[in-house]
Amino acid sequence: MLAAQAPAAVALTKQILSEGLHNALDQERHYQSLLFLTADHEEGKAAFFAKRAPNFTGA
């Protein structure tokens, strides 16, 4: 299931969790704003509205 998700988001989530939960919320807020600017974010929204599976590329 995780392999089908956006690679950048999964990698950042793993990094955040490896550093401990106490910093997770601050880091999530920072990285989430960066991920909103990616092509994968646009693809995820487009796929959702088109009711199709997303094709994430890691961009």
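The values are calculated or read from the model by the stated rules, or taken from the named source; none is laboratory data. Since the model is a prediction, treat every value here as computed from it, not as a measurement. Here Cβ is always computed from backbone atoms with ideal geometry, including for glycine, and neighbour counts include all displayed protein chains. With ligands, DNA and RNA removed, areas are computed over all heavy atoms of the protein, side chains included. Shrake-Rupley method; radii C 1.70, N 1.55, O 1.52, S 1.80 Å.
With a point put 7 Å past each Cα toward its Cβ, work out how far Glu19 is from Phe49 in nm, to one decimal.
Between Glu19 and Phe49, the label points sit 3.3 nm apart.
Ordering Asp26, Asp40 from largest to smallest accessible area (1.4 angstrom probe), what's the sequence?
Descending order: Asp26, Asp40.
Hand me the chymotrypsin sites (Phe, Trp or Tyr not before Pro) from the stretch 1-58 located in a DSSP loop with no more than 12 other Cβ atoms within 10 Å, in residue order please.
Answer by residue number: Phe36.
Rounded to the nearest 500 deg cm²/dmol, what is the calculated helix-only ellipticity per residue at 222 nm for the chain, with -39500 (n - 2.57) per DSSP H run of length n ≥ 4?
Estimated from H runs of four or more residues: -19000 deg cm²/dmol.
Once R0 is set to 25 Å, what does the formula 1/(1 + (r/R0)^6) return for the Cβ-Cβ distance between Thr57 and Phe36, expressed as a FRET efficiency to the nearest 0.05?
After rounding, the FRET efficiency stands at 0.95.
May I ask you to derive the relative contact order of the chain, considering only C-alpha pairs under 8 Å and at least 6 residues apart, and to give it as an integer percent?
After rounding, I find 39 percent.
Order Lys51, Lys14, most accessible first, counting only protein heavy atoms with a 1.4 angstrom probe.
Lys51, Lys14
Limiting things to C-alpha atoms, what are the Rg and the maximum Cα-Cα separation (Dmax) for the chain, in angstroms?
Computed over the Cα atoms of the chain, radius of gyration and Dmax are 12.4, 37 Å.
Based on the Cβ-Cβ distance of Asp26 and Ala3, what FRET efficiency does E = 1/(1 + (r/R0)^6) give at R0 = 30 Å, to the nearest 0.05?
After rounding to 0.05, the efficiency reads 0.60.
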